[in-house]
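Q: So that we are looking at the same thing, I have put the structure below in structure tokens.
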Amino acid sequence: MPASRTYAVAILTLVSASASGAEPVATASEKVSYYKDVRPIFQQNCQGCHQPAKAQGGFLMIERDDLLKSGDSEKPGLVPGKPEKSFLIHEITPGKDGKIEMPKGRDPLTPEQRKLIVDWITQGAIDDTPASAKIAVVDEQHPPVYQAPPVITALAFSPDGKLLAVAGFHEVLLYSADGSKLLARLIGLSERVQSLAFSPNGKRLAVSGGAPGRFGEVQIWDVETQKLKLSVPVTFDTINGVSWSPDGSKVAFGCTDNTVRAIDPASGKQVLQMGTHADWVLGTAFSQDGDHLISIGRDMTAKLTEVSTQRFIDNVTSITPGALKGGLSALDRRPVQVKKMTKVPDDSGGTSTEKVYDEVLTAGSDGTPRLYKIHRETKRVIGDDANRVKEFAAMPGRIYSVQFDKVGRRFAATSSLDGAGEVRVYDIETAKFVTCEKATGPAYAVAWAPEGNTVASAGFDGTVWLNDAATGKLKKAFVVMPTAKTVTSAK
């Protein structure tokens, strides 16, 4: 049978019936909605590779009208009323060998999903997107235009201390570390950027975010070329708390479907999923050796997962009701392992042994930072909080972000209460703290410069504050309000 005939039969089969007896979402006699039925399929499976920041094959799939155009194939992706002439259908339909062209590197669309798309095209491929849901094009040629400074939800210094990444609207802004120059605008698909993390070698930047109630996304950017290397759609809401494994082979994040996940940052393939949390997961951090993943959430717990088995191991924090007040929203792993000498009794009167363990800092709605060992060393007793090492003076309101300095002797934290914000630097050994001066509004993000002397923080009013870590004195403040003319190329 000619290939064209085989393809036509495949299309007719999709239109007439679903596979394996499963019920399709809509039958051919029902009207298929682009906005409600087809668009979510494209968001979850296609837009990662077919968006303005990464138009694979020269083809975009963000809006319905994008589908009418031809990419590098020089064939129209969509021909209304004619699925057999729509190159999009050719790409998602399995061949004789069962293989598909798209989505590349991902599981094939289900027969039900393919049938929905075919039915929609057969019915005329009508765009029923509500006017209120249509958004202006945002890409490198049409960067975000700010009428007011953005709320800054995340900051990150590059490991070499040369760059400061700042979360904006639809983008990440790369500034020189002192804030004097805007070097690049990394414009992506996600409207909201929730968290940022440079890879251990500083060559890549991981971004988590999405569009509330519509999609979540992990972006992996090449820092030198300022190009999007990978976009992975995940779930149907924004995602949080992105972190790298120490060897750079995995990127973890938390989801609002109560799962903790990790992907391979080269392929986008999911390599871990743990679903023991009972509420949104807001932060993640790998252990020093990368064998375990710590996660925090609105369920008032920090949990430990074994990476190789994807198995939940234990609660790091207390499981006793009322031990913690409210959810946890801030997490960082101490960058050095702690060594402790302990006495072990024996017949000769005892010997000393050295124990080495990882510690993490957690904080959240009760405003109290707490330091924990990640592994339990004692038998669990109801009412205990045995892994807790130290508790620090509470900050006003909810703590949104914490970060250790490079050597793990101090940490910085930001909080917000009743329209005001506070930024503090704590000494871990003495538990004393310094308050950073001149924070002008609620503070949501913090980052510690690798040189050890500067703490960057930001929040609601779009101002980035650079404070002296030892004294809290303000060194510099700058407002994030980019225009195309303010970018100084870093290439």
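Q: Would you check if there is a residue in the stretch 350-364 being within 23 Å of ARG298 (Cα to Cα), under 27 Å from the mean Cα position of the chain (by Cα), surrounded by fewer than 16 Cβ atoms within 10 Å (Cβ to Cβ) and of a type outside the set (Ser, Thr, Tyr)?
A: Within the stretch 350-364 (the criterion being within 23 Å of ARG298 (Cα to Cα), under 27 Å from the mean Cα position of the chain (by Cα), surrounded by fewer than 16 Cβ atoms within 10 Å (Cβ to Cβ) and of a type outside the set (Ser, Thr, Tyr)), the answer is no, since none of the residues qualifies.
Q: Moving on. So, of the residues in the stretch 395-416 that are in contact (Cβ under 8 Å) with a residue 24 or more places away in the chain and over 25 Å from the mean Cα position of the chain (by Cα), which turns out to be surrounded by the fewest Cβ atoms within 10 Å (Cβ to Cβ)?
A: Per the criteria, the residue is VAL407.
Q: If you scan the stretch 374-415, which residues turn out to be assigned to a loop (DSSP other than H, G, I, E, B) and among the β-branched types (Val, Ile, Thr)?
A: Passing the criteria: ILE374, THR378, VAL381, ILE382, VAL407.
Q: Oh, and also: Can you find, within the stretch 269-299, the residue that is farthest from ARG376 (Cα to Cα) among those that are without any contact (Cβ under 8 Å) to a residue 40 or more places away in the chain and aliphatic (A, V, I, L, M)?
A: Filtering first and then ranking leaves VAL271.
Q: Is it the case that the stretch 191-205 has a residue that's of a type in the set (Ser, Thr, Tyr), outside the structural domain of CYS49 (by TED's automatic domain parsing) and either part of a strand (DSSP E or B) or without any contact (Cβ under 8 Å) to a residue 24 or more places away in the chain (or both)?
A: yes
Q: Given the conditions (1) modelled with pLDDT of 80 or more; (2) crowded, with 18+ Cβ neighbours inside 10 Å, which single one is not true for PRO52?
A: Answer for PRO52: the failing condition is (1).
Q: Working only within the stretch 134-159, note down all residues that are out of contact with any strand residue (DSSP E or B) (no Cβ under 9 Å at 6 or more places or on another chain) and not small (Gly, Ala, Ser).
A: Selection gives LYS134, VAL137, GLN141, VAL145, GLN147.
Q: Output the number of residues of the stretch 199-224 satisfying the condition of being within 23 Å of GLY459 (Cα to Cα) and surrounded by 22 or more Cβ atoms within 10 Å (Cβ to Cβ).
A: Residues that pass the stated criteria total 10.
Q: Taking the stretch 181-204, which residues are within 22 Å of CYS255 (Cβ to Cβ) and touching a Gly at 6+ places or on another chain (Cβ under 7 Å)?
A: Once the filter is applied, which keeps residues that are within 22 Å of CYS255 (Cβ to Cβ) and touching a Gly at 6+ places or on another chain (Cβ under 7 Å), the stretch 181-204 yields SER190, ARG192, VAL193, GLN194, SER195, SER199.
Q: Could you grab me the full set of residues in the stretch 159-184 that are surrounded by fewer than 21 Cβ atoms within 10 Å (Cβ to Cβ) and not hydrophobic (A, V, I, L, M, F, W, C)?
A: PRO159, ASP160, GLY161, LYS162, SER176, ASP178, GLY179, SER180, LYS181
Q: Separate question: Is it the case, given these coordinates, that GLN288 is assigned to a strand (DSSP E or B) and surrounded by fewer than 23 Cβ atoms within 10 Å (Cβ to Cβ)?
A: no
Q: Taking the criterion of being assigned to a strand (DSSP E or B) and modelled with pLDDT of 95 or more, would at least one residue in the stretch 337-350 satisfy it?
A: No: the stretch 337-350 contains no residue that is assigned to a strand (DSSP E or B) and modelled with pLDDT of 95 or more.
Q: Mind counting the residues in the stretch 66-103 that are surrounded by fewer than 16 Cβ atoms within 10 Å (Cβ to Cβ), more than 29 Å from the chain's Cα centre (by Cα) and not aliphatic (A, V, I, L, M)?
A: Final tally of qualifying residues: 15.
Q: A further question on this structure: If you take the residues in the stretch 417-441 that are crowded, with 23+ Cβ neighbours inside 10 Å and assigned to a loop (DSSP other than H, G, I, E, B), which one is modelled with the lowest pLDDT?
A: Looking at the filtered set, the residue picked out is ALA439.
Q: If you go through the stretch 465-481 one residue at a time, how many are of a type in the set (A, V, I, L, M), surrounded by 16 or more Cβ atoms within 10 Å (Cβ to Cβ) and part of a loop (DSSP other than H, G, I, E, B)?
A: Number satisfying all stated conditions: 2.
The values are calculated or read from the model by the stated rules, or taken from the named source; none is laboratory data. For clarity, every value in this text was computed on a predicted model and none was experimentally measured. Glycine also receives a Cβ, built like all others from the backbone with ideal geometry; neighbour counts cover every protein chain displayed.
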